[in-house]
Amino acid sequence: MRVYRYEENPLITPSDIKPYHDGFEVIGAFNAGVAEYNGEIILALRVAERPISDDPNIVKAPVYSPETNKVEIIDIDRNDSRYDFSDPRVIEISGTGQFAYLTSISYVRLARSKDGRNFTIDDGAFVYPSNEHETFGIEDPRITQIGDTYYIYFSAVSPVGVGESMVSTKDFNTYEHHGMIFSPENKDVLIFPEKINGKYYALHRPVPKATGSPEMWIAESDNLLYWGNHRHLIGLREGMWDDGRIGGGAVPIKTEKGWLELYHGASKDNRYCMGAVLLDLDDPSKVIARSETPLVVPEADYEVEGFFSKVVFSCGAIVEGDTIKMYYGVADTSMACAELSLSEVLDSLK
Ligand code: MAN
């Protein structure tokens, strides 16, 4: 597989972004949703900001308060054995696999470009936490354009779980909030860009507890808000690149051979790669083919080293002729873009 990584990579890094919160530092500008609007490419960045701690023994957890519309900071002693600090992203409750707090708070900020390589970053936030389901932040936005409306949906994180919420905009200036469309625990929702046989479709990724794994499902809707007819789509594959967790990545791409979904797969040791699955054009619950080996593996230094290393994670792509321009977050830190040949990707699927 030929993968052409832009010379300008990483295209956007935390140092390009002025913190939105006083006393915070930007630690990530990554996992952006992608749209074309007014002759420009828009990246809806997940910007993660962390309170600066002067004391190495204190970890500061930011929590948004819907009552005050401000972020409050909770100080946690690094020596407190009730917590486990080994995953830099979270403050885990020791031995439970669940987190008490995140170490940063994310929101959505826009970057705009005419050439797809050089971006100007908007001042301030575009979508900012606004309710009790978003107190730990909003993450990993994807954008589906239907007509003149752009649906932007993202993980809404709070103490009651991680679900998927949605807003819509026509102008990337104001938006309407539609609330939570998939309840916890669910992430990695991808809404198809058109109705198929009269229904909207979405991929989603629940995290079952009693039995089952974090795998990809598909659902239908008449109105983009209420989803049903949930069916399991694809699962983990033991011993392969995607045996840890999988989830949808970019908005499904319509091709002659079927709907092409670029998805992420993590191995058991948390290496995140991008691969693809091809779904039937008339019935996307039918799987036609899938990547046996990943299309893009973290290898460039900016993909291997960062806040959370060895991650390539796409939330959106643009297709021009045979070229897929895949925008992707690298190492939970920055944004990059790589071009792939659509026909080569389709031919590689088995
Ligand atoms: C995981 C990671 C983090 C994210 C949390 C909450 O731990 O994806 O980046 O903040 O989940 O969604």
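Looking across region 251-275, the residues that are outside any loop (DSSP other than H, G, I, E, B) and farther than 22 Å from Tyr151 by Cα come down to Gly258, Gly265, Ala266, Tyr272, Cys273, Met274, Gly275. Residues in region 95-114 that are of a type in the set (A, V, I, L, M, F, W, C) and either at positive phi or more than 16 Å from the ligand (Cβ to nearest atom) (or both): Leu110, Ala111. Across region 103-126, the number of residues qualifying as over 15 Å from Val34 (Cβ atoms) and buried (at least 20 other Cβ atoms within 10 Å of the Cβ) comes to 5. Taken over region 158-211, the criterion of being among the small types (Gly, Ala, Ser) and either open to solvent by less than 10 Å² (accessible area, probe 1.4 Å) or under 16 Å from Arg142 (Cα atoms) (or both) is satisfied by Ser158, Gly163, Ser165, Ser168, Gly179, Ala202.
Residues that are touching a helix residue (DSSP H, G or I) at 6+ places or on another chain (Cβ under 9 Å) and either basic (Lys, Arg) or over 16 Å from Ile73 (Cβ atoms) (or both) do occur in region 11-25.
Residue-wise test of (1) modelled with pLDDT of 95 or more; (2) over 26 Å from Glu305 (Cβ atoms).
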{"residue": "Ala29", "(1), (2)": "yes, no"}
{"residue": "Gly33", "(1), (2)": "yes, no"}
{"residue": "Ile41", "(1), (2)": "yes, yes"}
{"residue": "Val47", "(1), (2)": "yes, no"}
{"residue": "Ser53", "(1), (2)": "no, no"}
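Inspect all residues belonging to region 67-80 and state whether any of them is of a type in the set (Lys, Arg), closer than 24 Å to Glu305 by Cβ and surrounded by 19 or more Cβ atoms within 10 Å (Cβ to Cβ). No. Determine which member of the set Val319, Val304 is under 25 Å from Gly239 (Cα atoms) and either within 15 Å of the ligand (Cβ to nearest atom) or modelled with pLDDT of 95 or more (or both). So the residue among Val319, Val304 that is under 25 Å from Gly239 (Cα atoms) and either within 15 Å of the ligand (Cβ to nearest atom) or modelled with pLDDT of 95 or more (or both) is Val304.
The values are calculated or read from the model by the stated rules, or taken from the named source; none is laboratory data. The shown structure was predicted, so the numbers you read here are calculated from the model rather than taken from an experiment. Because the Cβ atoms are built from the backbone with ideal geometry, glycine has one as well, and the counts that use them run over all protein chains shown. Each accessible area value is taken on the protein alone, full model and side chains, heavy atoms only, with ligands, DNA and RNA left out. Shrake-Rupley method; radii C 1.70, N 1.55, O 1.52, S 1.80 Å.
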